[in-house]
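Student: Before I ask anything, here is the structure I am working with.
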């Protein structure tokens with residue numbers, strides 16, 4: 001068994017003072033704790049290191065040899081710790097980040113280029129799925145970080161809100177038979193697996209609003225483009241609409257859904273200085289974007 005660094009420090013101080021009580025006082029520990037450390041060190045070495053007497057303690061020949069080597073051992077140990085701390089603070093290696101593809105399109109550009117430029121040994125694996133599936137993968141250790149919409153609270157998750165968004169019913173400002181609110185031929189364009197869509201349609205059904213046809217897609221960008229082209233009324237987050245909001249409009253009086261976009265990670269995994277730096281920088285770059 002390798003000796004405890006603290007036991008070596010205790011031993012070096014005892015070798016200087018030749019007195020256990022004085023060494024304990026200088027070290028700021030109790031004498032029983034110091035004596036226990038000396039016994040533990042002797043057991044690890046397998047040899048007696050101290051000769052105890054009424055006048056204090058003396059070093060055995062083995063103890064005299066160990067004093068010289070212990071100082072070098074501690075110096076090497078401190079160097080190892082310093083190097084480990086530097087490596088821990090440096091962002092390197094491969095991190096996986098999961099998010100919905102639409103979230104990726106309006107968020108990644110705000111932090112990935114900066115991190116790659118700042119840390120040349122850093123790599124990313126990007127995973128795109130529904131937010132609830134990304135959350136499940138973070139909880140189950142499959143993904144390091146997630147940028148997700150409306151994450152559910154979980155005892156193993158740290159959740160940091162980054163910004164907000166709003167999902168609404170949109171249509172092109174150029175009216176067509178397929179997006180006319182009062183028309184009989186209007187088309188609904190949705191991503192049916194989104195929880196926001198399901199809740200908004202539930203509220204809309206109470207208004208006895210009916211659509212002749214339905215167009216579904218798993219890609220919100222496609223839904224936005226079809227809505228912009230006048231193919232119907234689309235359920236789209238405002239950040240996905242983005243610059244096209246000048247050519248589109250929110251259907252007045254129809255249900256909306258408020259979204260929170262959050263950074264999530266497991267508290268018991270992301271404990272290193274590097275991981276803390278990563279989460280801090282992502283929050284800094286994305287806050288209020």
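Student: Specify the residue with the greatest mean-square fluctuation among 243, 64, 221, computed from a Gaussian network of the chain linking alpha-carbon atoms under 10 Å apart.
Tutor: Of 243, 64, 221, the most mobile in the Gaussian network model is 64.
Student: Please give the contour-minus-distance gain from residue 21 to residue 96: 0.36 nm per residue of separation, less the Cα-Cα distance, rounded to one decimal in nm.
Tutor: Once the chain is fully extended between residue 21 and residue 96, it gains 21.6 nm.
Student: Is the shape of the range 199-250 rounded, prolate or oblate, going by the alpha carbon gyration tensor and its root eigenvalues a ≥ b ≥ c, with a/c under 1.5 for rounded and a/b larger than b/c for prolate?
Tutor: prolate
Student: While we're here: With Rg and the Kirkwood Rh both taken from Cα atoms, where does Rg over Rh land for the range 5-89?
Tutor: 1.04
Student: Something else now. Taking just the alpha-carbon atoms of the chain, what radius of gyration and Dmax come out, in angstrom?
Tutor: 31.9, 105
Student: So, in Å, what gap is there between the alpha-carbon centers of the range 260-286 and the range 238-255?
Tutor: So the two Cα centres are separated by 31 Å.
Student: A follow-up question, please. Taking only Cα atoms, what is the 0 to 90° angle, nearest 10, from helix 273-286's long axis to the longest principal axis of the chain?
Tutor: 30 degrees
Student: Could I ask something else about it? Report for the chain the percent antiparallel among DSSP-assigned beta bridges with both residues inside it, nearest 5.
Tutor: On the way: 26 of 42 bridges.
Roughly 60 percent of the beta bridges in the chain run antiparallel, per DSSP.
Student: Here is a follow-up. Quick check of the Kirkwood formula: for the range 33-164, what is the inverse mean of 1/r over all pairs of different Cα atoms, in Å?
Tutor: This gives a value of 19.8 Å.
Student: Sticking with this one: Please work out whether the range 165-259 counts as rounded, prolate or oblate from its C-alpha gyration tensor, where a ≥ b ≥ c are the square roots of the eigenvalues and a/c under 1.5 means rounded, while otherwise a/b larger than b/c means prolate and anything else oblate?
Tutor: Here the range 165-259 falls in the rounded category.
Student: To the nearest Å, what is the center-to-center distance of the range 12-75 and the range 99-131, using C-alpha atoms only?
Tutor: With the range 12-75 and the range 99-131 each reduced to a Cα centre, they are spaced 54 Å.
Student: When the chain is treated as a GNM, springs tying every alpha-carbon pair under 10 Å, which of 260, 61, 212 comes out with the largest mean-square fluctuation?
Tutor: Result: 61 has the largest fluctuation of those listed.
Student: Return 9, 266, 92 ranked ascending by Cβ neighbour count within 10 Å, so the fewest neighbours appear first.
Tutor: The fewest-first ordering by Cβ neighbours comes to 92, 9, 266.
Student: I'd like the antiparallel share, as a percent to the nearest 5, of DSSP beta bridges with both residues in the range 165-259. Let's see the in-between values first.
Tutor: Details: 10 of 16 bridges.
Here the share of antiparallel DSSP bridges comes out near 60 percent.
Student: Taking Cα atoms, how many degrees apart are the long axis of helix 195-205 and the longest axis of the chain, rounded to 10 and kept between 0 and 90?
Tutor: That works out to roughly 30 degrees.
Student: Now for a separate question. In degrees between 0 and 90, to the nearest 10, how far off the longest principal axis of the chain does helix 31-45 point, with axes built from Cα atoms?
Tutor: With both axes taken from Cα atoms, the answer is about 90 degrees.
Student: Can you put 204, 188 in order, fewest other beta carbons within 10 Å first?
Tutor: 204, 188
Student: Follow-up question, since we're still on this one. For the chain, what relative contact order do you get, as a whole percent, if you take Cα pairs closer than 8 Å and at least 6 residues apart?
Tutor: Numbers: 455 pairs, mean separation 57.6, N = 289.
Answer for the chain is 20 percent.
Student: What number, in percent, do you get for the relative contact order of the range 165-259 if the mean sequence gap of Cα pairs under 8 Å and at least 6 apart is divided by its residue count?
Tutor: Computed over the range 165-259, the figure is 49 percent.
Student: Then there is this: So for 141, 111, fewest C-beta neighbours within 10 Å to most, what's the order?
Tutor: Ordered by Cβ neighbours within 10 Å, fewest first: 141, 111.
Rule-based calculations on the coordinates, nothing more; no lab input. All values reported here derive from a predicted model rather than from experimental measurement. A quick note on method: Cβ atoms are made from the backbone with ideal geometry, for glycine too, and the neighbour counts reach across all protein chains shown.
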